[in-house]
Amino acid sequence: MSEPLKLGTRKSSLAMAQARAVAEAITARSGREVELVGITTYGDTTKAALAQIGGTGVFVNALRDALLEGRIDLAVHSLKDLPTTQPDGLVIAAVPPREDPRDALCARDGRKLTELSAGARVGTGSPRRAAQLRALGYGLVVVAIRGNVDTRLRYVAEGELDAVVLARAGLARLGRLDAVTEVFDPMQMLPAPGQGALAVECRAGHNEVDAALVELLRGLDDPDTRAAVTAERALLAALEAGCSAPVGAFGEVAEGEEGPELYLRGVVVASDGSQSVRLSATGTPDEADQLGRRLAAEMLAAGAAGLMGERVP
């Protein structure tokens, strides 16, 4: 019998839940047992705000090191945490079907956003969410926070904050949708590129064992999800913006008159919410990367660069 596959994951409750879902899918598909290996990343240990430490790679580098060193066979990442450049020797073998990528409000007393009074304290660790909240013009006080989902929800329960904004996908995977009081329409708040999607990464197939694993994992891939997040991440890369920049993007594949179409929306918002560039573009799933880069060029031409702060070359 084959040895269990070693699947690397961060140790948070959400990361472990995501990894277990992938492990179960692998076992169901192949009969192969999968052992979870918890790995601590720099992003898990630092107390600094993600905007200060740059965000890019802080939750994934330790997992990638473990892959390259052979300590694990594959890793599961939240795709929105991945840098847009792929390291040599590794491949994203699967992007499974995406959870709902929208952001969600979790407020006291079941309130929706419009029911929060001016001056209400709303917590988020995301510059993108903070900028879009300010742009809505409700006079909210946006408070920078860190911590896992339970910690953030506790800020609300204990009255330190009036609400927090979290990814609906994470709440769904943790069975905490009961905390959601409103799900944001993407026209109000575009999610982060890759939000709600997972990336299953392994070593590129340079030997028979690695090649067999790549082939196995490809069976978990969802083509529509991969096309959508490829376009979103191409937009982010072409904007030269890190994952802590105030950039939102959302791609969707739908059936058009001449076959499947990929619709992509993007936004860049000034940190104080005073200005934004919001554009969209349509193409085919096969040209997802080109579509993202084309939309980014249009956004830069419309002044997006001046709203992002320091860019990431």
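Just so it is clear, none of the values below were taken in a lab; they were calculated from the coordinates. In this text the structure is predicted, and so the values were computed from the model without any measurement. Methodologically, a virtual Cβ is constructed for each residue, glycine included, from the backbone with ideal geometry; neighbour enumeration extends over all protein chains shown.
Taking 25 °C and 0.890 mPa s as conditions, the range 227-307 diffuses translationally at an estimated 197 µm²/s according to Stokes-Einstein applied to its Kirkwood radius (Cα pairs).
Projecting label points 7 angstrom from Cα along Cα→Cβ for residue 284 and residue 188 puts them 3.7 nm apart. Candidate cross-link partners of residue 112 among the aspartates and glutamates, defined by an alpha-carbon separation under 18 Å and a same-chain spacing of 8 or more, comprise 103, 160, 162, 178, 182, 185. Phi-derived couplings, Karplus 6.51 cos²θ - 1.76 cosθ + 1.60 at θ = phi - 60°, listed residue by residue for the range 273-284: x, 6, 9, 7, 10, 10, 9, 9, 7, 10, x, 9 Hz, with x used for Gly and Pro.
On full extension of the chain, what length is gained from residue 157 through residue 28, given 0.36 nm per residue of separation minus the C-alpha to C-alpha distance? Each step should come with its number before you reach the end.
Numbers: separation 129, 0.36 × 129 = 46.44 nm, distance 3.86 nm.
Net length gain for the segment: 42.6 nm.
Write down the percent of antiparallel bridges among all DSSP beta bridges whose residues are both part of the chain, to the nearest 5. Could you put the intermediate results ahead of the total?
Numbers: 34 of 47 bridges.
Close to 70 percent.
Annotation: amide H-H contacts under 5 Å for residue 143 (H modelled 1.01 Å from N, sequence separation of 5 or more, or interchain): 122, 123, 124. Need one word for the range 212-266: rounded, prolate or oblate. Basis is the Cα gyration tensor (sqrt eigenvalues a ≥ b ≥ c); a/c below 1.5 gives rounded, then a/b vs b/c decides. Judged from the Cα gyration tensor, the range 212-266 comes out oblate (a/c at least 1.5, b/c at or above a/b). Placing +1 on the Cβ of each Lys and Arg and -1 on the Cβ of each Asp and Glu in the chain, which of 193, 249, 14 has its Cα farthest towards the positive end of the resulting dipole? Projecting each Cα onto the dipole axis, the largest value belongs to 14.
Straight-line cross-link partners of residue 6 among the aspartates and glutamates, defined as a Cα under 20 Å from its Cα and at least 8 positions apart when in the same chain: 24, 33, 35, 65, 69, 73, 201, 208, 210, 215, 221.
Would you kindly state how much longer the chain becomes between residue 178 and residue 2 on full extension, computed as 0.36 nm times their sequence separation minus their alpha carbon distance, in nm to one decimal?
Working: separation 176, 0.36 × 176 = 63.36 nm, distance 4.07 nm.
Full extension from residue 178 to residue 2 adds 59.3 nm.
With a Förster radius of 30 Å applied to the C-beta separation of residue 302 and residue 88, the computed FRET efficiency comes to 0.30. Spacing of the modelled spin labels on residue 261 and residue 114, each 7 Å from Cα toward Cβ, amounts to 2.9 nm. You can think of it this way: the chain between residue 218 and residue 20 has 69.5 nm of extra reach, that is 0.36 nm per residue less the Cα-Cα gap. Take the Cα of residue 40, go 7 Å toward its beta carbon, and the backbone nitrogen atoms of the range 11-28 under 12 Å from that spot belong to 11. The mean sequence separation of alpha-carbon pairs under 8 Å and at least six residues apart, normalised by the residue count of the chain, gives a relative contact order of 19 percent. Restricting to Cα pairs below 8 Å that are 6+ residues apart, what does the relative contact order work out to for the range 103-183? Please round to a whole percent. Dividing the mean separation by the residue count of the range 103-183 yields 48 percent.
Can you give the % of DSSP beta bridges in the range 103-183 that are antiparallel, to the nearest 5?
Values: 7 of 13 bridges.
Among the beta bridges of the range 103-183, antiparallel pairing accounts for roughly 55 percent.
Please list the three semi-axes, largest first and in whole Å, of the ellipsoid equivalent to the chain, using sqrt of 5 times the eigenvalues of its alpha carbon gyration tensor. If you can, show how the numbers build up before the last one.
Numbers: eigenvalues 197, 113, 64 Å².
Output for the chain: semi-axes of 31, 24, 18 Å.
Placing unit charges on the Cβ atoms of the charged side chains and taking the dipole of the range 227-307 about its Cα centre, the candidate lying farthest along the positive direction among 269, 235, 297 is 269.
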